[in-house]
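Please treat every number below as a calculation from the coordinates, not as lab data. As the structure is a computational prediction, the values presented were derived from the model and not from experiment. As a convention, Cβ positions derive from the backbone with ideal geometry for all residues, glycine included, and neighbour counts pool all protein chains shown.
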Amino acid sequence: SSGISSFKTAAKKSTTQATLSSYSNNGKKNVVILGSGWGGISFLQHIDESKYNVTLISPRPHFLFTPLLPSTPVGTVDEKSIIEPVVNFAVKKTKGNVSYYEAQATKINHLDNTVTIKSFSHVNPFGDSKNPESIKKNDSADIKYDYLISAVGAEPNTFGIPGVQEHGMFLKEIEHSPKIRKQFIENIERANLLPKGDPERKRLLTLVVVGGGPTGVETAGELQDYVDQDLKKYLPSIAEEVQIHLIEALPVILNMFESKLTSYAQKVLEQTSIKLHLKTAVSEVKEKHLIAKTKISDTETKTEEIPYGTLIWATGNKPRSIVTDLIKEIPEQQGSRRGLLVDEHLKVKGLNNVYAIGDNAVAGLAPTAQVAHQEAEYLTKVFNKNQVGSAKPFKYLHYGALAYLGAEKAIANITYGKRQLYTGGGLITFYIWRVLYLSMIISWRSRFKVMSDWFKLALFKRDFFK
Ligand code: FAD
Ligand code: NAD
């Protein structure tokens, strides 16, 4: 029956381990997708489910629109506005069998064509009560695939720097956002009880963002917006003491933009009173301060202790363990430390029926949403036309890059492949940024909610509650 998931237990290995061959004997191949991010959900949206049995496995039961994640800790945009339940995408696939496991894939068994999954509940979007779940929460099972699409993304990289994991906060998933907000609010409350000039008050009101890539810059800009536009009205004396530091190891921030735009971005950040530390690498993090080393010349570095109340760590990503484990099993064809090497058809090198898209794949492209989305679109076209093995190679079309800087200013370099369409920075670019981000949102519900959040912001202050 259309759309209804009906898994059958093929071979029970033990009470907790079952091998599930999805949709047995309906003559269609089983495509298993790992991940509910830009790659996985874009693949799910575009795959023709009348031709394949489709199973999506992800521990995260929602898609996250990452481009607006830096806007959520301070409440410029509400967290719920930028997530969309996986089920909302699955219910639209009415022409065939589509199923979702809220589970983590722990191992790709490429010799058996199975994926081991753990800790999950089988979610049937149609609530099929006649098919009791064949496996229970916290069990593990092996899911059989004919084709596997790995889109598990990547995880924040601490580079093994001591103290980051214990004291730093990331901004990669939606649950990170309220944690940052809560810590900042608690620090404001505690600082407000201390007298002016108390060093502890100063520490509590210091926020450090490490990493001058787009995540770090946009997050610092949003935090400063909250301080300048809202906190100043509630607690002016606290607001004027808040100091945001942005620390970047390279000599420039946002190094994927041309130098004219990065200089403009630096100027805007400094005007909004963010303290920029360039050529400065954080080497250790303690509970209340961190150690930063600034390169003064080829032979000289200056070491500084920076006390902080809130630390946001945004120094980029590294592959997940499911990916590094697979790489170790096929060392001759793999070997990159950045992820799974794929050929021009996005097939994992060394394997016949495993494909990788998005941040877990190394195709020579930046780990961005636009790359993941285009790779998913390409691969579904190949699958839908039954051209697996004979299709034209994947070709990426670069549409440029945008970044929000705070103070209603953004920078943009909009392209169509190699053709430059627009380069600029400032208020007009900020409105272009808003329009383009709205157009990139992949559901109407989410688009509507983000528009309402921006409209609300024009009338009221941000929702900045614990
Ligand atoms: P993700 O979107 O990260 O999805 C990975 C999925 O895999 C998740 O659902 C996760 O739960 C799931 N998963 C993890 N482990 C497992 C497992 N073991 N088994 C099964 N599933 C698993 N890019 C842009 O182009 N423009 C932007 O403006 C932009 N802004 C960004 C802002 C922020 C704050 C961040 C963090 C990133 C931003 N990016 C942007 C980058 C972009 O988000 C990523 O490149 C994109 O998300 C990659 O898509 P993906 O599907 O590979 O990974
Ligand atoms: P990134 O890798 O782009 O930037 C991380 C930065 O941290 C680098 O500039 C690096 O030099 C710096 N760094 C590393 N270790 C450091 C240390 N110890 N001390 C100080 N600085 C250190 O990471 P990101 O910003 O999270 O972006 C990840 C990916 O997502 C990129 O591909 C990016 O393009 C994409 N993204 C895009 C947007 C956008 O288009 N607006 C927004 C966010 C993320």
- Item | Whole-Å semi-axes of the chain's equivalent ellipsoid (Cα gyration tensor) | 41, 24, 23
- Just how far, in whole angstrom, is region 384-399 from region 202-273 if you go by their alpha carbon centroids? 41 Å
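Under 10 Å from the Cβ of residue 36, count the other residues' Cβ atoms, weight Lys and Arg +1, Asp and Glu -1, and hand me the total.
On the way: positive: 60; negative: 84, 102.
Spelling it out: positives minus negatives among the neighbours equals -1.
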- Working from the pairwise distances between different alpha carbons, so that the mean of 1/r is found and then inverted, what is region 219-357's Kirkwood radius in Å? 18.7 Å
- Ranked from fewest to most other Cβ atoms within 10 Å of their own Cβ, 422, 437 fall in the order 422, 437
- Task: May I ask which residue of 400, 443, 311 lies farthest towards the positive end of the charge dipole of region 307-466, with charges of +1 (Lys, Arg) and -1 (Asp, Glu) on Cβ and the Cα centre as origin?
- Result: 443
- Note on the structure: Note: residue 190 to residue 106 extended length (0.36 nm per residue) minus current alpha-carbon separation gives 26.0 nm
- If amide H atoms are modeled at 1.01 Å from N in the peptide plane, then the residues at a separation of 5 or more from residue 320, or on another chain, having amide H under 5 Å from its own are 155
- Distance between modelled label sites at residue 385 and residue 155, nm, 7 Å Cα→Cβ extension: 3.8 nm
- Task: Can you tell me the relative contact order of the chain? Whole percent, Cα pairs under 8 Å, sequence separation 6 or more.
- Result: 17 percent
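Taking the Cα centre of the chain as the origin, how large is its charge dipole in debye, to the nearest 20, when only Lys and Arg (+1) and Asp and Glu (-1) carry charge on their Cβ atoms?
Working: 59 positive and 47 negative charges, 200 e Å.
Roughly 960 debye, rounded to the nearest 20.
Could you tell me whether region 341-387 comes out rounded, prolate or oblate from its Cα gyration tensor? Rule is a ≥ b ≥ c as square roots of the eigenvalues, rounded for a/c under 1.5, then prolate if a/b exceeds b/c, otherwise oblate. List each step's numbers first, then the result.
Numbers: a/c = 2.48, a/b = 1.17, b/c = 2.12.
Oblate, because a/c is 1.5 or more while a/b does not exceed b/c.
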- Note the per residue figure in Å³ for the convex hull of the C-alpha positions in region 303-443. 203 Å³
- Task: Bin all alpha-carbon pair distances of region 384-466 at 5 Å intervals from 0 and give each bin's fraction as a whole percent.
- Result: 3, 12, 15, 17, 16, 13, 9, 7, 5, 3, 1, 0
- Using only helices, what value at 222 nm comes out for the chain when you add -39,500 (n - 2.57) per DSSP H run of length 4 or more and divide by the total residues, to the nearest 500 deg cm²/dmol? -8000 deg cm²/dmol
- Item | Amide H partners (placed H, <5 Å) of residue 100, local residues excluded | 56, 123
- Query: Size of the dipole of region 222-299 about the Cα centre, Lys and Arg at +1 and Asp and Glu at -1 on the beta carbon, nothing else charged, in debye to 20?
  - Reply: 220 debye
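Treating the beta-carbon of each Lys and Arg as +1 and of each Asp and Glu as -1, no other charges, what is the dipole magnitude of region 20-107 about its Cα centre, to the nearest 20 debye?
On the way: 9 positive and 6 negative charges, 83 e Å.
Dipole about the Cα centre, nearest 20: 400 debye.
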